[in-house]
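Everything below concerns the one structure shown next.
FYI, it's all coordinate maths here, none of it is from the lab. Keep in mind it's a predicted model, so treat the numbers as computed, not measured. When we count neighbours, we look across all protein chains shown, and the Cβ atoms used for this are built from the backbone with ideal geometry, even at glycine.
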């Protein structure tokens, strides 16, 4: 079982695209100790590794007292069987490992349902008398699934697959209900004219630390891959941001699940809903770890994933590139990165994100309209509602009412047009 105490793993990778260092970090996230690595340039159709490499793997497993082999790719049922037979220890693939990590870190009901759905989608083509495995799952078909009856002559594998499909259908219905609730909450935010900002990026890029720094709140920031699964939303209060008598607009910032290479298809589909915040955001902050040796590749992966989520060129709102963890870089490297990414905001989230905050405000305000208003004293609510909604440049009390110079979001211009000073 992946993640049990004192699990010792040999990592194996085959084919041209191998990322065993990242696979090792995934394993360590579950407390698995990496004791060996074996690679091959060619991928074998029957056993993932060729026969000679499988014999080498068996020797490596014995000499390191390995209890597990972890493959860098998703294995077919037959590949896993051959590899396990020849290695002499249990075998798991990258997809199983990531699902286990997601399962360990899922906290809200939607995330737990999405993980369960991904696991069932992985299990379905591999089902072999798996009823006892399914009984430990929660949130699925319940008594309806357990009460299903076998048809005349129906084989066990057909029965198991039918039960899996029924559980998947139940989970999808529950996820639709969760999605409808999220859309309702999102609509209410839009009604309040509050700009929305989504943090997206490669896993472990420091998005949660950036969220905490922007909002002034605390949330877990352990150095684990996929520490964040569910979306988390915070309000960034703009009151008194410019000093006494002035205000910056509030905005809502949402932290989303991190991207990764070779993200299993099951999880891309299951977790698409967690990226709704990115699809609906006024501004996207693309976060990356500036200290990563594979920075360019990680930025590319995030952009490719975003393109699929946002449906190509239909998203026209600003995207800010935020390169985090500058504190881990020497000054010479910081200069090189700034030159290669002149448009980026280079920050250290643990030391403050004022540069990013100001860029968000600049992008928000560039889409707004500056107006001079005169609001009668009898309509005090209209004046007080501007705090958090608008950037307030000046406020003067007059006998006719409150005279204010403000910058408003497009959605609020019509509402305040009657108070405009011509």
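Per-residue packing, averaged as other Cβ atoms within 10 Å, sorts the ranges 31-40, 398-407 into the order 31-40, 398-407, beginning with the highest. Would you please state which residues of the stretch 366-394 a label at residue 420 would reach in this model, taking the label point 7 Å out along Cα→Cβ and a backbone N cut-off of under 13 Å? Of the residues in the stretch 366-394, 369-374 have backbone N under 13 Å from the label point off residue 420. Counted over all Cα-Cα pairs of the stretch 3-110, pairs farther apart than 19 Å make up 39 percent.
Per-residue packing, averaged as other Cβ atoms within 10 Å, sorts the ranges 17-27, 86-96, 373-383 into the order 86-96, 17-27, 373-383, beginning with the highest.
Counting beta carbons within 10 Å around each of 322, 287 and listing the fewest first gives the order 322, 287.
Report the far tail of the P(r) of the stretch 369-419, meaning the percent of Cα-Cα pairs longer than 19 Å. Considering the stretch 369-419, 13 percent of its Cα-Cα pairs are separated by more than 19 Å. Ranked by the mean number of other Cβ atoms within 10 Å per residue, highest first, peptides 201-214, 350-363 order as 201-214, 350-363.
Taking a point 7 Å from the Cα of residue 370 along the Cα-to-Cβ direction, the residues of the stretch 398-421 with backbone N closer than 16 Å to it are 404-410, 421. Each label point was placed 7 Å from the Cα along the Cα-to-Cβ direction; for residue 235 and residue 328 their separation is 3.4 nm. The length gained by stretching the chain between residue 399 and residue 354 to full extension, at 0.36 nm per residue less their Cα-Cα distance, is 12.3 nm. Each label was represented as a point 7 Å from its Cα along the Cα-to-Cβ direction; for residue 158 and residue 8 these points are 4.6 nm apart.
For a footprinting-style exposure proxy, rank 265, 305, 254 by other Cβ within 10 Å, fewest first. Don't skip to the end; give the middle numbers.
Details: 265 13, 305 19, 254 23.
Result, fewest neighbours first: 265, 305, 254.
Once the chain from residue 378 to residue 39 is taken as fully extended at 0.36 nm per residue, the excess over their C-alpha distance is 114.5 nm. Convex hull volume of the Cα atoms of the stretch 311-422, normalised per residue: 164 Å³.
Provide the FRET efficiency to the nearest 0.05 for the residue 178-residue 265 pair, computing r from the beta carbons and using R0 = 22 Å.
On the way: r = 21 Å, r/R0 = 0.95.
Here the calculated transfer efficiency is 0.55.
Tell me, what is the FRET efficiency for residue 109 and residue 303 to the nearest 0.05, using R0 = 30 angstrom and their Cβ-Cβ distance as r?
Working: r = 31 Å, r/R0 = 1.03.
That gives a FRET efficiency of 0.45.
Ranking of 85, 248 by neighbouring Cβ atoms within 10 Å, starting from the fewest: 85, 248. With Cα atoms defining each centre, the stretch 381-409 and the stretch 25-77 are spaced 65 Å apart in the structure. Size check on the stretch 1-58: the Cα extents along the three principal axes, sorted descending, read 31, 22, 16 Å.
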